Amino acid sequence: MVCACLDDIRKRLTSLILGRNCFHVILIELKMVKRGKINHIGKRTGVMQVNLSKILIGTMRVGDSDVTGRIIQRAIDLGSNYIDTVPLYRWSNNDENSETWVGCAVSSGNYRQRVLVSTKSAVSDGGLGLGSYNPSIGFGIRMKEQFSSMLEQSLSRLNLPYVDFYHLWMCHTKQQFEEAFKPGGWYEGLQKAQEDGKIKHLEITTHGDADTIIRFLETGAFETVTLPLNVLNVTRMKAVEYCARKGIPVLAMNPLGGGLLAVDSHLKELAFKYLLSLENVHILVGFTALEEVDDAWRMKREYEENPVSTETILQEVRQLIPNAEPHCTGCGYCQPCPKFIEVGSALSHYNLYHYLNLQEAKKAFLDLQWNPRYKLSNCIACGQCEKRCPNTLPVRKIIENAKKALYAQE
């Protein structure tokens, strides 16, 4: 085993995948080999023994505790076996947030025994920079001690002794990755938590480009990856294909493009079929209602009864939406805006109007101009949203185009 470790060290030091902190990761893992915690550099013992369901439970868009509980329990009853949460989602205070709602939902009956629970924290600021320490929502967790405190907060909110998965969240750049793996940093805090049995598996959530994601995964530190993927956003397929070859499960976030693909029932079906057609890809759905849970599982059953090739699905989608412009997915990571505009919410109306020619979307947008959250005319083009955009979209240009289209007189 020692020889195998040394061979792996040589390969990783030769490639210097991610710079100076690669050395530190190796030193940490050598200690873990000695303790029997891992059996190979970058390859952990206790490899995931459960297959992830095709449809997973996201909690970014849930409404309140009661609705969240019914959604989670219904999804588990139908076959979903993974819940994605994070301190930030639906945060109002330490008692009202998605983590506490998830904890309440799985405390009933045997639901906890039937589902994998995940949560996250980030060294970043939610965008492309490094964050200041903000444990309430999980940003700027950059020191070992901060990680330990952050994890205890999440476990307390979830009312659980451990979580099945923990994510290095919102890690998009080499700088952020190196910050997480620095001596005395995020990763050392995670290693201690794993030794204490409080975390079972490590995952990464990223909006990085395909090559960056592959470099992250080549370290061997992560067992799964969550990344944006839908029928209109296939820019990371190189990373998805890499994961398929390596047996790393891919969790597809934004499967409906921030709601853009759900406005038309046929387009929604195609979007689901596309992800269902991809092996090794699991669909992370941000459910908001019980009907959406039932609908997702119905589409899965129907696809299995009558499967369609990936290319056939893509051809049909191109006929419906020939416009290949980059569009906002409404993820919300560009917030806050100095003019109090909710960029994703406002641009969702533009998406519907521009891409699908829904006149109702323009009318709804104009009816909301009393609300500063939707008032794109207040935009001062400061560029803060563009700097934070995890998909590196030209947000200012998109906003300008949206203003011209939505404020234009008919």
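The values are calculated or read from the model by the stated rules, or taken from the named source; none is laboratory data. This is a predicted model, so every value here is computed, not measured. When we count neighbours, we look across all protein chains shown, and the Cβ atoms used for this are built from the backbone with ideal geometry, even at glycine.
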Go through (1) assigned to a loop (DSSP other than H, G, I, E, B); (2) on the phi < 0 side of the Ramachandran plot; (3) in contact (Cβ under 8 Å) with a residue 60 or more places away in the chain one by one and return the number of the condition residue 57 breaks. (1)
Checking the conditions here, which among 62, 67, 102 is in contact with a Ser or Thr (Cβ under 9 Å, 6 or more places away or on another chain), part of a loop (DSSP other than H, G, I, E, B) and at pLDDT 50 or above? 62
Residue set 83, 76; condition under 20 Å from residue 53 (Cα atoms), free of Cβ contacts under 8 Å to residues at least 40 places away in the same chain and under 15 Å from the mean Cα position of the chain (by Cα); output residue 83
Those residues of the range 232-264 that are on the phi > 0 side of the Ramachandran plot and not in a loop (DSSP other than H, G, I, E, B) come to a total of 3
In the range 151-160, is there at least one residue being more than 24 Å from residue 102 (Cα to Cα) and at pLDDT 95 or above? no
Looking at the range 111-126, I want the residues that are under 20 Å from residue 186 (Cβ atoms) and have a partner that is among the polar types (S, T, N, Q) with Cβ atoms under 6 Å, at least 6 apart or on another chain. Which pairs are those? 119/85; 119/154; 123/176; 124/176
Please go through the range 337-356 and pick out each residue that is free of Cβ contacts under 8 Å to residues at least 40 places away in the same chain and surrounded by fewer than 23 Cβ atoms within 10 Å (Cβ to Cβ). 340, 342, 345
Residue, nearest to residue 281 (Cα to Cα), within the range 198-220, restricted to residues that are surrounded by fewer than 22 Cβ atoms within 10 Å (Cβ to Cβ) and of a type in the set (Gly, Ala, Ser): 210
Residue 18 being part of a loop (DSSP other than H, G, I, E, B), modelled with pLDDT under 90, outside the structural domain of residue 292 (by TED's automatic domain parsing) and not hydroxyl-bearing (Ser, Thr, Tyr): yes
Just wondering, is there one or more residues in the range 362-377 that are assigned to a loop (DSSP other than H, G, I, E, B), among the basic types (Lys, Arg) and not assigned by TED's automatic domain parsing to the domain that holds residue 252? yes
One residue from 145, 152, 195, 179 being buried (at least 18 other Cβ atoms within 10 Å of the Cβ) and of a type in the set (D, E, K, R): 179
Determine the pairs where a residue that is assigned by TED's automatic domain parsing to the domain that holds residue 205 and of a type in the set (S, T, N, Q), located within the range 254-278, has a partner that is modelled with pLDDT under 80 and surrounded by 24 or more Cβ atoms within 10 Å (Cβ to Cβ) with Cβ atoms under 7 Å apart, the partner being 6 or more residues away or on another chain. 254/329
State yes or no: is residue 107 among the polar types (S, T, N, Q) and buried (at least 22 other Cβ atoms within 10 Å of the Cβ)? no
Filter the range 388-399 down to the residues that are surrounded by 14 or more Cβ atoms within 10 Å (Cβ to Cβ) and either assigned to a loop (DSSP other than H, G, I, E, B) or of a type outside the set (Val, Ile, Thr) (or both), then identify the one that is farthest from the chain's Cα centre (by Cα). 396
Go through 273, 300, 339 for me and flag whichever is over 24 Å from residue 206 (Cα atoms) and at pLDDT 95 or above. 300
Looking at (1) at pLDDT 80 or above; (2) surrounded by fewer than 16 Cβ atoms within 10 Å (Cβ to Cβ), which one does residue 325 not meet, given that it meets all the others? (1)
